[in-house]
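Read the figures in this text as sums done on the coordinates, not as results from a lab. Treat the numbers as computed from the prediction; the structure is a model and nothing was measured. Backbone-built Cβ (ideal geometry, glycine too); neighbour counts: all protein chains shown.
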Amino acid sequence: MAICPPVFHKGRPYTDESALFAVPGFNVCEAAFDYQPRRPEESVLYRAVAENLESFLARQQERGRVVPKFVENDLRDYLYCGILELGFVRVHCDACGKDRVVAFSCKSRSFCPSCYGRRMAETAAHLVDHVFPEVPVRQWVLSVPFSLRYRLAYDSSLVRDVAQIFVRAIFSSICRRAGMAASNRKARCGAVGFIQRFSDAFYVANSFMW
């Protein structure tokens, strides 16, 4: 695998890959897998962000409610994700001698549906294959009151404290139901936790899932 020279993508419309494939020694591997490049700019979400991001940021600043920098960075990075003309990797197949180009991704952990979905699938596969033992598991979800959600959105230490209290309460409940005394040091519980910071409607909704 090698990075393509700038001439391959500088000034090229990313929707037109034929210009890339016409370069001598640059072939497309059709037999390796049926890869379909993403077209992020065709999605409703991409168009909404691209057309309204600057006005949204300016309006929030005028209202005195400046968007946090990490949120702005995630939104801007999303607009560069999957765009071939902004950079890509050339993947070479030694078996057939052909190549394919894959656009750089933003690797966002929050907003980008492609990167977040891939990270979610990879994490789930890792947990199932390498972390969870062959025992029954149960999911626990904690939703906090609306009055605390905005505080949690900006206070990482409070998020940590709430998560620790939640886990201790779950472990105590499991031990009690199993008939084990709280003083029994041999009783061990394990958990994997995730924090969801917004809902499907994009409003702040901190939820703790174990």
Net dipole in debye of the range 58-123 [+1 Lys, Arg Cβ; -1 Asp, Glu Cβ; about Cα centre; nearest 20]: 220
Computed FRET value (nearest 0.05) for HIS126 with ALA187, which takes r as the C-beta separation and R₀ as 45 Å: 0.95
Burial ordering of SER156, SER172, fewest other beta-carbon atoms within 10 Å first: SER156, SER172
Difference of contour (0.36 nm per residue) and Cα-Cα distance, SER172 to ARG118: 16.0 nm
Two-site label geometry, GLU134 and ARG59: point separation in nm, points 7 Å out along Cα→Cβ: 5.6
Burial ordering of HIS126, HIS92, fewest other beta-carbon atoms within 10 Å first: HIS126, HIS92
Calculated FRET efficiency for the pair ARG39/MET209, C-beta based, R₀ 35 Å, to 0.05: 0.65
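What chymotrypsin sites (Phe, Trp or Tyr not before Pro) does the range 30-118 have in DSSP loop regions with at most 10 other beta carbons within 10 Å?
Here the sparse-neighbourhood loop sites are PHE33.
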Global form of the range 124-209, assessed from the alpha-carbon gyration tensor, a/c cut-off 1.5: oblate
